[in-house]
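Shown next, in structure tokens, is the structure this report addresses.
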Amino acid sequence: MKAAGGSRTAVLVCQGRAVADGLTATGRFADPLAAHLLRGEERRTVEQVRAGKPPASLPDRIDYESVRACATIIVPRVIAIDDALRDHPSPQVVLLGAGLDDRAWRMPELAGSVVFEVDHPASQRDKRERLVGLGQPWVTGPGEITRPAGPAGPAEPVRFVPVDFARDRLGSALAAAGHRADAPTTWIWEGVVPYLTRAEVERTMAVVAGLSAPDSRLIINYQARQVRIAIGQWIARMMHTLARRSSMWVNEPWRSYWTAATMCELLGRHGFTVRRDEDLLAIAERLDTPTSRRNSLRSGRVVVADRPQ
Ligand SMILES: C[S@@+](CC[C@H](N)C(=O)[O-])C[C@H]1O[C@@H](n2cnc3c(N)ncnc32)[C@H](O)[C@@H]1O
């Protein structure tokens, strides 16, 4: 990822969650915090999509359509990951490539866990600025960012761990932040694997495996290759060029694709047993959430794998 100001794809998925909040899968999906993490223009696009009012100008229309599509894809992905997190409580939760994920604040089930957010330094800096801008009760003191008091009472501050998976040492950064390799961890790697090369994925997986005590869980959202998706991204890039806008896919291109078989092999080699691996279309159909973006839904997958006790 080449991004001085933070990840634009992290903003896009946050916009998708903000669009879906209260409109899609009510009772199964809610993310009232997502809109708070967005800045003026980003939130304006969310409001347009929620109101179903497409803007007239081409550049704004491109943003509108990207956010609208993302809202459909994000709902089954988030529900599947939240469910996998809830049915396997863990003393430590590590979000790998956390972006503007707000689970640490959103999910009361995490109140008993120490939450580590690992992300590219530029993206993490951007998120921290957004959080600090929100003020109380998100921020308790200088540099301290905690969950608002929920049903389980105030939780420990989230621990921020800036790491570029392509360059930095994940293991030592997590250890310095207080991660314990002798206690179980639930790892969430959502929407990040496509942005890494296969070698970076393999290297990160080896570190994760080395830090995973028995009873740890690894939840990964990854992409299977689909020609139609590649064509769609190429068209999106062309549209951006026509609209004289920089495309997020230039700084954050997709670099690796996996099949269920290659992902299962990778996990098995690192001592994880796959519990389930489904595409987002199957999850959306089961949950009865919108399935209008069938190709995109079919190519996104969520795998849940455990390290035996
Ligand atoms: C699409 S966002 C997903 C964010 C979050 N996991 C979610 O689903 O809301 C991609 C994330 O991957 C992170 N990322 C991409 N390449 C990275 C790298 N080389 N090292 C660390 N993080 C990276 C970005 O900073 C960004 O936060």
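The table for this structure:
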| item | result |
| --- | --- |
| In order through segment 254-270: 3J(HN,Hα) via Karplus (6.51 cos²θ - 1.76 cosθ + 1.60), integer Hz, x for Gly, Pro | 6, 10, 9, 10, 9, 9, 4, 5, 5, 5, 5, 5, 4, 5, x, 4, 9 |
| Largest-first principal axis extents of the Cα set of segment 185-282 (Å) | 52, 26, 20 |
| Mean accessible surface per residue for the chain, computed with a 1.4 Å probe while every protein chain stays in place, in Å² | 44 Å² |
| Under Karplus coefficients 6.51, -1.76 and 1.60, residue-wise ³J(HN,Hα) of segment 48-60 in Hz, glycine/proline x | 5, 5, 4, 7, x, 10, x, x, 7, 6, 4, x, 5 |
| Cα-based convex hull volume of segment 70-109 per residue, rounded to whole Å³ | 81 Å³ |
| MRE, 222 nm, helices only [DSSP H, n ≥ 4, -39500 (n - 2.57), over the chain, to nearest 500] | -13500 deg cm²/dmol |
| Of all accessible heavy-atom area on segment 8-306, the percent that carbon and sulfur account for (1.4 Å) | 54 percent |
| Sequence-separation-based contact order of the chain, relative, with Cα cut under 8 Å and 6+ spacing, percent | 20 percent |
| Sequence-separation-based contact order of segment 1-137, relative, with Cα cut under 8 Å and 6+ spacing, percent | 31 percent |
| Among 188, 145, 229, residue whose mean-square fluctuation peaks in a GNM of the chain (springs only between Cα atoms under 10 Å) | 229 |
| Amide hydrogen neighbours beyond the local backbone of residue 160, cut-off 5 Å, H modeled | 117 |
| Evaluated at q = 0.15 Å⁻¹: base-10 log I(q)/I(0), Debye formula over Cα of the chain | -1.30 |
| Amide H contacts under 5 Å for residue 88, placed H, 5+ residues apart | none |
| Euclidean distance between Cα centres, segment 276-303 to segment 85-137, Å | 25 Å |
| Vicinal HN-Hα couplings computed from phi for segment 88-99 (Karplus, 6.51 cos²θ - 1.76 cosθ + 1.60; Hz; Gly/Pro x) | 8, x, 9, x, 10, 10, 10, 9, 8, x, 5, x |
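The values are calculated or read from the model by the stated rules, or taken from the named source; none is laboratory data. The model shown is predicted, which means the values in this text are computed figures rather than measured ones. Side chains included, ligands, DNA and RNA excluded: accessible areas come from the protein's heavy atoms. Shrake-Rupley method; radii C 1.70, N 1.55, O 1.52, S 1.80 Å.
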